[in-house]
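Colleague: Dropping the structure in here first, questions after.
The values are calculated or read from the model by the stated rules, or taken from the named source; none is laboratory data. Just so it is clear, the model here is predicted, and its values are computed rather than measured. Neighbour counts are summed over all protein chains in view; Cβ atoms, including those assigned to glycine, are modelled from backbone coordinates with ideal geometry.
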Amino acid sequence: MKRYFAILLVALFATIPVFIGSVQAISFQPQTSGSTETPSAPSPEVLIQGAILYDRWYAALGREAPAGDMPIWSRQSTNSRSGPDTWRCVECHGWDYKGSQGAYKSGSHFTGFPNIRALVPNMSEQEIVDHLKGSKDPAHNFSAYMDDATLEKLASFLKNGLIDDDQYIDDVSLKVVGGNIEHGKQLYGQVCAKCHGSDGMQIVFHTEGVDEYLGSVASRDPWRFLHRTRFGVAGADMPVGAKLGWTAEDGRDVLAYAQTLPSRLVTPSPKPASAYATPVSPVGGPPASSILGGVFTGFGSILLVCLGSLVFLGLLVGIGALVVSVLRKR
């Protein structure tokens with residue numbers, strides 16, 4: 001019996017270190033607080049809605065822009081625009097998302113506002129939403145105009161939808177870098193030509209006091225062209241790259257082809273206008289498109305001058321006759 005108890009006691013003492021070691025091993029296992037899966041990428045629809053908000057959020061929501069200038073606008077004096085344009089994200093941070101370090105580092109759009117493409121990689125989507133609510137700057141608070149769901153879409157685009165345009169567009173010549181024009185022509189013919197025409201001149205754009213066509217938009221402002229090719233325009237029912245499954249490279253190729261299309265411009269107004277303002281028509285109507293039209297336009301102008309002169313002379317004669325009549329009665 002004594003031998004039995006001795007064996008049992010030895011076995012017990014041998015088991016205790018094994019048990020303690022097992023408990024300690026378990027206690028040192030990494031602990032998780034939920035799912036370890038990375039967040040899924042936002043859908044194309046969310047990115048499209050966010051990109052349109054970035055372009056012109058009040059139009060995307062079917063509203064008028066808030067009255068007056070955006071509060072933060074008074075901190076700059078180089079961009080003379082006012083009213084609705086001052087509320088657009090793009091007017092501060094540019095179509096290339098680089099603000100004062102990008103295409104808007106000079107010219108009439110310059111404001112000095114920051115490069116968001118460099119800022120957002122270090123921020124979570126929630127931090128971006130908080131910033132849009134004025135957490136870092138009360139003057140940058142959009143919560144009175146957009147609800148949380150809308151701000152989250154905008155933040156999702158800023159976090160996941162921005163691309164490095166520098167790899168596609170030369171910022172000096174404004175020409176496409178490494179584009180495949182033939183591929184772009186094929187995509188353009190399949191999708192874009194239905195509305196814009198084979199020469200890109202079927203739709204007239206009214207931008208900055210200028211009438212322009214697709215070719216001139218692509219050559220003058222390639223960043224805007226690329227952004228809207230990818231995501232569309234608020235209020236416009238157009239096929240967009242994000243829904244068509246186009247890559248950023250596909251959009252670049254379409255841009256490269258569009259830069260080969262013809263362009264025709266009307267003299268811009270001296271003062272920067274709203275990006276969506278329709279220019280005032282020239283006096284006497286649009287310029288003649290043929291020699292015969294020019295001849296008739298010239299005769300019409302001469303006729304108007306003559307009629308105006310006759311009316312003026314008639315008024316002078318009438319006034320003179322009235323004065324003579326009064327003097328004779330005296």
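Colleague: Just give me the residues in region 151-186 being under 20 Å from the mean Cα position of the chain (by Cα), surrounded by 13 or more Cβ atoms within 10 Å (Cβ to Cβ) and part of a loop (DSSP other than H, G, I, E, B), in sequence order. Before the answer, list the steps.
Modeller: Let us first name the residues in region 151-186 that are under 20 Å from the mean Cα position of the chain (by Cα), namely 151-171, 174-176.
Right, trim to surrounded by 13 or more Cβ atoms within 10 Å (Cβ to Cβ) and you get 151-163, 165-166, 168-169, 171, 174-176.
Result: Gly161, Leu162, Ile163, Tyr168, Asp171, Leu174, Lys175.
Colleague: Could you check region 218-242 and list, in sequence order, the residues that are free of Cβ contacts under 8 Å to residues at least 60 places away in the same chain and crowded, with 21+ Cβ neighbours inside 10 Å? Quick ask: steps written out before the conclusion?
Modeller: Filtering region 218-242 down to residues free of Cβ contacts under 8 Å to residues at least 60 places away in the same chain leaves 218-220, 222, 225, 229, 236-239, 241.
Within region 218-242, Ala218, Pro222, Phe225, Thr229, Gly241 qualify.
Colleague: Also, quick follow-up: Of the residues Trp95, Trp73, which single one is at pLDDT 95 or above, buried (at least 20 other Cβ atoms within 10 Å of the Cβ) and touching a Cys at 6+ places or on another chain (Cβ under 9 Å)? I'd like the intermediate steps shown before the answer.
Modeller: Values: Trp95 fails: touching a Cys at 6+ places or on another chain (Cβ under 9 Å).
Only one candidate passes the filter, namely Trp73.
Colleague: Now for a different question. Would you call Ile72 touching a Phe, Trp or Tyr at 6+ places or on another chain (Cβ under 6 Å) and either in a loop (DSSP other than H, G, I, E, B) or of a type outside the set (S, T, N, Q) (or both)? Reasoning before the result, please.
Modeller: Values: touching a Phe, Trp or Tyr at 6+ places or on another chain (Cβ under 6 Å): no; either in a loop (DSSP other than H, G, I, E, B) or of a type outside the set (S, T, N, Q) (or both): yes.
For Ile72, the condition - touching a Phe, Trp or Tyr at 6+ places or on another chain (Cβ under 6 Å) and either in a loop (DSSP other than H, G, I, E, B) or of a type outside the set (S, T, N, Q) (or both) - is not met.
Colleague: So, one more: Please specify each residue of region 122-150 satisfying the condition of being of a type in the set (D, E, K, R) and buried (at least 17 other Cβ atoms within 10 Å of the Cβ). Steps first, answer last, please.
Modeller: The initial filter retains those residues of region 122-150 that are of a type in the set (D, E, K, R), namely 125, 127, 130, 133, 136-137, 147-148.
If the condition is that a residue be of a type in the set (D, E, K, R) and buried (at least 17 other Cβ atoms within 10 Å of the Cβ), then Glu125, Lys133 are the ones that fit.
Colleague: So which residues in region 244-255 are over 19 Å from the mean Cα position of the chain (by Cα) and crowded, with 18+ Cβ neighbours inside 10 Å?
Modeller: Asp253
Colleague: Looking at the structure I just gave you, is Lys136 of a type in the set (Lys, Arg) and outside the structural domain of Leu47 (by TED's automatic domain parsing)?
Modeller: Numbers: of a type in the set (Lys, Arg): yes; outside the structural domain of Leu47 (by TED's automatic domain parsing): no.
So Lys136 fails the test.
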